[in-house]
Amino acid sequence: VQLQASGGGLVQAGGSLRLSCVASGSRFDINGMGWYRQAPGTQREFVATITRGGITTYEDSVQGRFTISRDNAKNTVYLQMNSLKPEDTAVYYCAARVGSQYAYWGQGTQVTVSS
């Protein structure tokens, strides 16, 4: 499975971005997709996940501002980010989960929010 993330960029605080992650190849045992982010000097942290059945989970600081969704026909997962804050600045990674582990990772896309 290869994951290609895109959609990052520079936006002012309060603005919006939509990230996309296209998956190529196939694994019958992928049971979820997620987004993580990593700011300079910090560890990678969980942002959001969506199961094969469409159940979503969010990190507390993005709840109500970010929305994860998927288009199975396009093998694509999206992260709609609204009301962006400077602290959302990070490299955002998409990942595919097999069992309880995220086994496949995309290359990351930079999101920069200016104040």
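The values are calculated or read from the model by the stated rules, or taken from the named source; none is laboratory data. In this text, all values refer to a predicted model and were calculated from it rather than measured experimentally. Here the Cβ positions follow ideal geometry from the backbone for every residue, glycine too, while neighbour counts run over all protein chains shown. Keep in mind that these areas ignore ligands, DNA and RNA; they rest on the heavy atoms of the full protein, side chains included. Shrake-Rupley method; radii C 1.70, N 1.55, O 1.52, S 1.80 Å.
Criterion first (open to solvent by less than 60 Å² (accessible area, probe 1.4 Å) and closer than 18 Å to ALA13 by Cβ) does THR112 satisfy it? Give the derivation first.
Values: open to solvent by less than 60 Å² (accessible area, probe 1.4 Å): yes; closer than 18 Å to ALA13 by Cβ: yes.
Criteria met by THR112.
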For this session: Kindly list, by first and then second residue, each pair from a residue in the range 46-70 that is within 19 Å of ALA90 (Cβ to Cβ) to a residue that is surrounded by 14 or more Cβ atoms within 10 Å (Cβ to Cβ) and acidic (Asp, Glu), limited to pairs with Cβ atoms under 9 Å and residues at least 6 apart or on different chains.
Result: PHE46/GLU59; VAL47/GLU59; ALA48/GLU59; SER61/ASP88; VAL62/ASP88; ARG65/ASP88; PHE66/GLU59; PHE66/ASP88
Exercise. Name the residues in the range 51-86 that are outside any loop (DSSP other than H, G, I, E, B), among the aliphatic types (A, V, I, L, M) and within 19 Å of GLY8 (Cβ to Cβ), would you?
Worked result: VAL62, ILE68, VAL77, LEU79, MET81
For this session: Of the numbered conditions (1) more than 11 Å from the chain's Cα centre (by Cα); (2) modelled with pLDDT of 95 or more; (3) under 15 Å from VAL1 (Cα atoms), ALA103 fails exactly one; give the number of that condition.
Result: (2)
Problem set entry | Residues satisfying the stated conditions in the range 53-107, i.e. of a type outside the set (A, V, I, L, M, F, W, C), surrounded by 13 or more Cβ atoms within 10 Å (Cβ to Cβ) and closer than 17 Å to ALA23 by Cβ | SER69, ARG70, ASN75, THR76, TYR78, TYR92, TYR93, ARG97, TYR102, TYR104, GLY106
For this session: Can you give me the number of residues within the range 30-39 that are of a type in the set (A, V, I, L, M) and open to solvent by 50 Å² or more (accessible area, probe 1.4 Å)?
Result: 0
Problem set entry | Lone unmet requirement of (1) among the β-branched types (Val, Ile, Thr); (2) surrounded by 14 or more Cβ atoms within 10 Å (Cβ to Cβ); (3) modelled with pLDDT of 95 or more for THR42 | (2)
Exercise. So which pairs qualify, if the first residue must be in the range 81-107 and among the acidic types (Asp, Glu), the second must be assigned to a helix (DSSP H, G or I), the Cβ gap must be under 9 Å, and the two must be at least 6 apart or on different chains?
Worked result: GLU87/SER61; ASP88/SER61; ASP88/VAL62
Exercise. Which of the residues belonging to the range 24-76 are over 17 Å from VAL111 (Cα atoms) and of a type in the set (Val, Ile, Thr)?
Worked result: ILE30, THR49, ILE50, THR51, ILE55, THR56, THR57, THR76
Exercise. Any idea how many residues of the range 7-29 are open to solvent by 30 Å² or more (accessible area, probe 1.4 Å), over 16 Å from ASP88 (Cα atoms) and part of a strand (DSSP E or B)?
Worked result: 2
